[in-house]
1. Restricting attention to the stretch 1-17, which residues are of a type in the set (A, V, I, L, M, F, W, C) and open to solvent by less than 80 Å² (accessible area, probe 1.4 Å)?
2. Just give me the residues in the stretch 18-36 being assigned to a helix (DSSP H, G or I) and either open to solvent by less than 30 Å² (accessible area, probe 1.4 Å) or within 21 Å of Asp93 (Cα to Cα) (or both), in sequence order.
3. If you check Arg13 against the conditions, is it within 11 Å of Tyr74 (Cα to Cα), of a type in the set (D, E, K, R) and at pLDDT below 95?
4. Kindly indicate whether any position in the stretch 84-92 is over 29 Å from Ala27 (Cβ atoms) and hydroxyl-bearing (Ser, Thr, Tyr).
5. Among the candidates Glu64, Glu94, Glu104, Glu36, which residue alone is away from ligand 1 (no atom under 16 Å from the Cβ), within 30 Å of Arg134 (Cα to Cα) and not aromatic (Phe, Trp, Tyr)?
6. Can you list the strands (runs of 3 or more DSSP E) found entirely within the stretch 37-99 that contain at least 3 residues being under 23 Å from Lys10 (Cα atoms)?
7. Can you confirm whether Ala115 is within 10 Å of ligand 1 (Cβ to nearest atom), hydrophobic (A, V, I, L, M, F, W, C) and at pLDDT 90 or above?
8. Filter the stretch 63-118 down to the residues that are more than 16 Å from ligand 3 (Cβ to nearest atom), without any contact (Cβ under 8 Å) to a residue 40 or more places away in the chain and exposed (fewer than 12 other Cβ atoms within 10 Å of the Cβ) and list them by number.
Amino acid sequence: MEAEALLKDKGLRATPHRVALLAALYASSRPVSAEEMHKKISGADLVTIYRNLQSLAAHGLAREVRFKDSTVRYEAAGLHHHHLVCTTCGIVDELPECDIHLLEKEVLKKSDTFASIDEHQLEFFGTCTVCAKR
Ligand SMILES: [Zn+2]
Ligand SMILES: [Zn+2]
Ligand SMILES: [Zn+2]
């Protein structure tokens, strides 16, 4: 769906800035921070970008991703997946498959307190092949 239609579908006003932001998010192959978006999109200040990214996340159009640093990154909401991050250069691999739902059942079995597990977050950290050669 077009960015404009997605926004209207969620009851958000399709301002040029929001349309550009959402389109850039969907075009990106990895999670991006507000600062990185600020460099990509002209004509909007950083505070507006922060606010609009939060609003996209609140409306289910974007997903917050947190790695080990304090930066909050965003990516297009889509299929559930995980990331592999190089701790040296920060390159990110998108991992499309998730087999962890099987583990959820095991975790739940071990708990007397919980009736269900609704979601999980997990990122992997390591060294990419380029950094490994340095
Ligand atoms: Zn690396
Ligand atoms: Zn991702
Ligand atoms: Zn998963």
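1. Ala3, Ala5, Leu6, Leu7, Leu12, Ala14
2. Step one: of the stretch 18-36, the residues assigned to a helix (DSSP H, G or I) are 18-27, 34-36.
Across the stretch 18-36, the qualifying residues are Leu21, Leu22, Ala23, Ala24, Leu25, Tyr26, Ala27, Ala34, Glu35, Glu36.
3. Numbers: within 11 Å of Tyr74 (Cα to Cα): no; of a type in the set (D, E, K, R): yes; at pLDDT below 95: yes.
No; evaluated as a whole, the condition is false for this residue.
4. no
5. None of the other options fit; the residue is Glu36.
6. Ranges flagged: 62-66, 72-76.
7. Working: within 10 Å of ligand 1 (Cβ to nearest atom): no; hydrophobic (A, V, I, L, M, F, W, C): yes; at pLDDT 90 or above: yes.
No.
8. Residues satisfying the conditions are Asp69, Ser70, Lys109, Lys110, Ser111, Asp112, Thr113, Phe114, Ala115.
The values are calculated or read from the model by the stated rules, or taken from the named source; none is laboratory data. Not measured: the values here are computed from a predicted model. Cβ: placed from backbone, ideal geometry, glycine included. Neighbour counts: every protein chain shown. Heads up: the accessible areas ignore ligands, DNA and RNA and are worked out on the full protein's heavy atoms, side chains in. Shrake-Rupley method; radii C 1.70, N 1.55, O 1.52, S 1.80 Å.
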